[in-house]
Amino acid sequence: MPGLSEYEPIVGRYVIEELRMLASKLSGRTVQMVNSTAVGGGVAEILNRMMPLLLEMGIDARWDVIKGGDKFFWVTKTIHNALHGAAEGLSQDMIDEFMQTSEANNRAIDCNADIVFIHDPQPIALVQQKESRGNKWIWRCHVDVSNPNPQVWEFLRRFIVKYDASVFSAPQFSQVLPIRQALISPSIDPLADKNRELTRNEIEEVLHRFGIKRDKPIITQVSRFDFLKDPVGVIEAFRMVRKSVDCQLILAGGTASDDPESEIVLNEVMKSADGDEDIHVLLIPPGSNVEINALQRASSVVVQKSIKEGFGLTVSEALWKGKPVVASAVGGIPLQIKHRFSGMLCHSVEGASNSIKYLLNNPDFAKQLGDNGREQVRSHHLLTRHLTEYLLLFLSLYSDADVVNL
Amino acid sequence: MAEKRADNPFYFQSRLVLNELTGLRASTIPELLDHIKGVPGSVIYRHTHHFLEQHQRVVPTVPNDFAYWVIEELGEKRLGEKLAAINTIDFNSIRELRDKIAQVIEDYLRAYPQAASRTPPPGLEFHFMKSQSFIFQTQHAAYTLEEFCDCLMKVTLTSVYYHVFESRLRFERPANDFSRWLAGELGEKELAGAIARLNPYDHSLEGLREKIITLVHKRSLQLIGRPQ
């Protein structure tokens with residue numbers, strides 16, 4: 001893992017100095033991250049990169065992962081979909097399953113750090129330990145809760161209000177709560193295998209392995225196979241583009257251990273692709289970071305046609321590589337793309353198709369969008385900015401004044 | 001005439017910000033007005049200042065979030081122009097600034113009551129936010145005008161922002177930190193006045209830094225008798 005100083009050429013000296021200064025103010029404090037999966041998905045990915053840097057800065061940080069059976073993760077998937085507005089709520093049986101597994105995790109995980117940082121709804125009930133410990137608790141919501149299913153939100157809310165602070169990724173996710181709500185966007189790591197510079201040979205090797213030729217422009221969406229990422233909509237948009245521009249589509253998706261739905265979605269995608277030779281559906285296992293990097297770098301246009309999105313970090317990944325991006329104006333995506341300046345926002349299959357076609361036909365404009373996007377990511381969506389805001393959040397737990405002298 | 005050396009140096013500080021959400025949102029001008037009257041001062045401060053840091057090298061055309069939302073999302077350009085014309089430098093406290101913004105909106109709603117029913121497209125409501133600032137010392141300190149100039153060239157634009165905007169309004173100080181030190185420690189009342197008279201809201205942060213450096217440098221050369 002790279003050390004903090006290796007980020008200096010990318011973000012500048014001041015950013016690194018400020019991080020070290022903030023960390024020194026937290027000297028002696030312990031921090032405990034808790035989420036539901038160690039691999040797969042954006043949360044695990046960020047924590048994997050962040051933990052070594054917290055430790056390097058002298059913060060005593062550890063990371064625990066809750067356990068649960070298939071039934072528990074079906075319940076949490078229902079919660080996830082309901083937070084995104086799905087009508088299906090929680091039955092009593094589901095609530096019982098959630099509470100029983102949470103109890104088991106409460107017994108297994110000792111949340112005794114000074115600052116306990118819970119990610120997403122799956123481990124939310126661990127906060128029941130708070131009363132007996134008197135430590136500080138943060139709940140980090142990574143999903144779009146701008147229009148949640150009211151029953152499910154109320155169920156979660158009774159846990160949320162017990163926390164000292166919450167964190168949301170976009171202003172529209174904010175709810176009226178009696179606790180503090182920080183606005184902190186997630187981030188990408190420019191030095192991770194998924195984002196670092198690749199040689200031409202590395203890119204060619206990956207394409208060769210997947211049997212993809214560069215004889216026509218490549219359009220790519222990288223996402224878990226999830227209905228909310230609308231992979232079938234991407235295929236429809238691609239078919240509309242191909243009527244006038246010869247091109248090929250890559251749908252590259254990973255799976256995560258806490259998402260039991262991905263296989264169903266993958267089957268639908270295969271059905272929709274219907275053996276089309278220009279549609280490459282790649283099921284790639286967690287950790288295929290160089291592969292994702294290479295596929296994004298080989299693309300002429302990167303797409304993220306989500307229906308709902310917590311933040312949509314694949315957008316920042318593609319922008320960091322200087323790629324023109326066409327993405328839905330949902331969740332945190334408008335925070336990453338200013339329409340026609342650092343990418344193209346769309347609202348429908350037709351909108352996605354029009355923008356992809358326009359970018360393929362206007363490469364100079366596409367390059368300008370990519371260049372602007374890269375600078376936007378440098379300023380707002382890199383790991384160092386994320387770390388800075390987490391350290392500020394930790395400090396804020398001990399002082400709620402508007403202005404704090406460090 | 002030699003340059004004077006201060007007994008107490010100017011310590012350049014800087015700050016980092018944690019953005020906070022309030023959960024409050026407005027879909028109409030009356031809702032916007034209600035919240036403007038009721039939210040903490042830190043919310044008003046954020047929505048009238050954060051754009052300055054976002055646009056470090058250009059002067060934004062619409063100088064506060066309220067004006068921007070009213071123009072861009074509600075299409076109520078006349079009110080937007082009136083809000084944009086509020087001169088923040090004229091106010092010594094957030095309370096006075098808030099009162100002025102509320103008064104402009106109230107007057108407008110009285111004159112154009114139909115504006116009250118305008119709504120933005122879904123998802124583009126106004127979200128009220130605030131900032132918690134964390135102030136810290138940088139490694140830069142100045143005892144003389146020359147050192148002051150030298151430090152100004154090296155510090156981040158965030159440091160310039162803090163000493164010119166934030167410390168004045170958030171601590172309700174009569175002038176920006178630079179002017180107060182120059183007058184108080186070096187007796188440079190004229191120079192301090194010239195810096196205080198610059199309307200910082202009319203400049204980008206980089207432009208403002210350059211203006212201040214020019215004024216200080218000119219005075220520094222004058223004191224040591226070199227041609228300007």
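Rule-based calculations on the coordinates, nothing more; no lab input. Please read these numbers as outputs of a predicted model, since none were measured by experiment. Note that each Cβ is placed from the backbone with ideal geometry, even for glycine, and that neighbours are counted across all protein chains shown.
The table below gives the values:
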item	result
Chain A: most fluctuating residue of A:Arg374, A:Arg180, A:Arg297 per GNM, C-alpha cutoff 10 Å	A:Arg180
Cβ-defined net charge surrounding A:Cys247, 14 Å radius [Lys, Arg +1; Asp, Glu -1]	+2
Over chain A - Rg/Rh using Cα atoms and the Kirkwood inverse-distance radius	0.97
Cβ neighbours within 10 Å from other chains - mean over A:10-19	2
The range B:17-129, relative contact order in percent, only Cα pairs under 8 angstrom and at least six apart counted	44
Listed peptides A:3-14, A:41-52 by packing density, highest first (mean Cβ within 10 Å)	A:41-52, A:3-14
Kirkwood Rh in Å, taken over the range A:1-110 so that all alpha-carbon pairs contribute	16.7
Extension gain from A:Val161 to A:Asp274, taking 0.36 nm per residue of separation minus the Cα-Cα distance	35.9 nm
Residue order, fewest to most surrounding Cβ atoms within 10 angstrom, among B:Ser93, A:Ser306	B:Ser93, A:Ser306
Kyte-Doolittle at least 0.0, axis length at least 18 Å by Cα - qualifying DSSP helices, chain B	B:205-224
Simple label model, 7 Å out from Cα along Cβ direction - A:Ile95 to A:Glu6, nm	4.9
Amide H contacts of A:Gly343 (H built 1.01 Å from N, under 5 Å, at least 5 apart or other chain)	A:Lys338
Set of lysines with alpha-carbon distance to B:Lys130 below 28 Å, sequence-local pairs under 8 removed	A:Lys25, A:Lys130, A:Lys136, A:Lys162, A:Lys308, A:Lys338, B:Lys37, B:Lys77, B:Lys82, B:Lys100
Chain A: angle of helix A:231-242 to the longest principal axis, Cα-based, in degrees nearest 10	30
Simple spin-label estimate for A:Asp70 and A:Val245 in nanometres, 7 Å along Cα-Cβ	4.3
Whichever aspartates and glutamates have a C-alpha closer than 18 Å to that of A:Lys367, once near sequence neighbours (fewer than 8 apart) are set aside	A:Glu197, A:Glu317, A:Glu375
q = 0.14, 0.17, 0.19 Å⁻¹: log10 I(q)/I(0) that the Debye formula gives for the range A:188-300, counting C-alpha atoms only	-0.57, -0.84, -1.03
Computed [θ] at 222 nm, helices only, for the protein assembly as shown once each DSSP H run of length n ≥ 4 contributes -39500 (n - 2.57)	-14000 deg cm²/dmol
Descending semi-axes in Å of the range B:17-129, equivalent ellipsoid built from Cα gyration tensor	20, 16, 15
Alpha-carbon centroids, the range A:283-327 and the range B:1-49: separation in whole Å	36
Inter-site label distance for A:Arg13 and B:Ser93 at 7 Å from Cα along Cβ, in nm	4.2
Net charge over other residues, Cβ less than 10 angstrom from the Cβ of A:Ser169 (K, R count +1; D, E count -1)	-1
Full-extension gain in nm, A:His208 to A:Asp400, via 0.36 nm per residue minus C-alpha separation	63.6 nm
Which of A:Leu249, A:Phe394, B:Tyr161, positive extreme of dipole for the protein assembly as shown (C-beta unit charges)	B:Tyr161
Viscosity 0.692 mPa s, temperature 37 °C, Stokes-Einstein D of the range A:200-380 from Kirkwood C-alpha radius, µm²/s	205
